[in-house]
1. Residues in the stretch 88-102: is at least one within 16 Å of L65 (Cβ to Cβ), in a strand (DSSP E or B) and either touching a helix residue (DSSP H, G or I) at 6+ places or on another chain (Cβ under 8 Å) or touching a residue at least 60 places away in the same chain (Cβ under 8 Å) (or both)?
2. Given the conditions (1) among the charged types (D, E, K, R); (2) touching a residue at least 40 places away in the same chain (Cβ under 8 Å); (3) touching a Cys at 6+ places or on another chain (Cβ under 9 Å), and given that D234 satisfies all but one, which numbered condition is not satisfied?
3. If you check P296 against the conditions, is it under 23 Å from D207 (Cβ atoms) and free of Cβ contacts under 8 Å to residues at least 12 places away in the same chain?
4. Any idea which of (1) within 30 Å of R210 (Cβ to Cβ); (2) among the β-branched types (V, I, T); (3) surrounded by fewer than 18 Cβ atoms within 10 Å (Cβ to Cβ) is the one V92 doesn't satisfy?
5. Tell me the residue from F111, F158, F133, F145 that is in a strand (DSSP E or B), under 12 Å from I59 (Cβ atoms) and of a type in the set (F, W, Y), please.
6. Within the bounds of the stretch 172-185, is there any residue that is crowded, with 19+ Cβ neighbours inside 10 Å, touching a strand residue (DSSP E or B) at 6+ places or on another chain (Cβ under 7 Å) and part of a helix (DSSP H, G or I)?
7. Tell me which residues, restricted to the stretch 279-316, are surrounded by fewer than 20 Cβ atoms within 10 Å (Cβ to Cβ), small (G, A, S) and at negative phi.
Amino acid sequence: MGGIQQSIEQLVSPTRLAAVAALVFVMIVSAAPLRAQDTRVRADLASYEQYGEGTPQPIDGIWRLRELNKQVIVENGIVIAMEEWTHLFVWVVDPGMVTSSKLRQIDRQKFTAYDELLKREMEWTVRADGTIFASGGTGLLAPKFSLEPIELSYPGVFDAIVRGEEVVLTPEGFGVIPRPEPLEIELEFTGPFTTGDGMCLDLDAKDIGRQGGNLQVWECLGGDNQRFLFLEEDGLIVSASGMCLEAVGSDNGAPVRAFGCDGNEAQIWSTKALPGKDRQALVNAKTGRCLDAHGPESKRNGGRIQIWDCFVGNNQSWSM
């Protein structure tokens, strides 16, 4: 945290700001003409000092803008440039300028921020690989960028967000909302869940008993990590290690992970008969979407498990 704060202080120091102001003044009054082809202009952006202290965010830290290979600081709900870059071939962004503001968490893995350059809201989504994808809408022309962490203020908290856990800000700092311990399950009542392609639902062996455990499809090997139980009356799908399947998010492609069973709506599933099949779809109560083995990966080991709009497909038909 000290390194990040020092970086901010260096960026927004009065000496640096005065130097930048002097440089701009010299450029304006200089008799030397600008090159005709240089159409760039200084971005009309505020500095860090022009914003209030803000509220700490669990993704505070130093990040790299992948597309530009430039670094920014996320601090208390604002995003500050650490290096100069040219935005969309027009605006020159100086170190210390605020490029996004009003950053706040709206869901376990989602944030929103106001892009000061584009003058629009952007949605920031934390991905399973520990990066963030920011989007200003759908379609080919919608603005998009991605960030990867360099130095985080709360690395343990961010890891929890990547797993889909809920975090909360307390006077002592950020913490992870505790989940129930694994249930005790009689192994003889559990069995494999197989897709129409003959692949088994699989709890990654390294994640057994771990909150936010990764679920995938794998060839059926008969291990305990491929044994599950559907408690129809409660609507819970429980692993042999006593963890419940939970949708983390509501959009198509949101992951499904294993958490301690607390019966929240994202952990509730119901069965839906599929026409002409002896298998069933599993529908999530919170989202109305189906348990889905990601199509391009549904026939190979390690294919991810997610939720998706329900349709009649082998990757959504389950035998229990």
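The values are calculated or read from the model by the stated rules, or taken from the named source; none is laboratory data. Treat the numbers as computed from the prediction; the structure is a model and nothing was measured. All Cβ positions, glycine included, derive from the backbone under ideal geometry; neighbour counts span all protein chains shown.
1. yes
2. Unmet for D234, out of (1) among the charged types (D, E, K, R); (2) touching a residue at least 40 places away in the same chain (Cβ under 8 Å); (3) touching a Cys at 6+ places or on another chain (Cβ under 9 Å): (2).
3. Criteria met by P296.
4. (1) is the only condition that V92 fails.
5. Values: F158 fails: in a strand (DSSP E or B); F133 fails: under 12 Å from I59 (Cβ atoms); F145 fails: under 12 Å from I59 (Cβ atoms).
Being in a strand (DSSP E or B), under 12 Å from I59 (Cβ atoms) and of a type in the set (F, W, Y) holds for just one of F111, F158, F133, F145, which is F111.
6. Scanning the stretch 172-185, I find no residue that is crowded, with 19+ Cβ neighbours inside 10 Å, touching a strand residue (DSSP E or B) at 6+ places or on another chain (Cβ under 7 Å) and part of a helix (DSSP H, G or I), so the answer is no.
7. A285, G295, G313
Yes or no, residue by residue, for (1) among the aliphatic types (A, V, I, L, M); (2) surrounded by fewer than 19 Cβ atoms within 10 Å (Cβ to Cβ); (3) in a strand (DSSP E or B); (4) in contact (Cβ under 8 Å) with a residue 40 or more places away in the chain:
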position	(1), (2), (3), (4)
G242	no, yes, no, yes
L245	yes, no, yes, yes
G249	no, no, no, yes
V256	yes, no, yes, yes
C261	no, no, no, yes
A266	yes, no, no, no
G276	no, yes, no, no
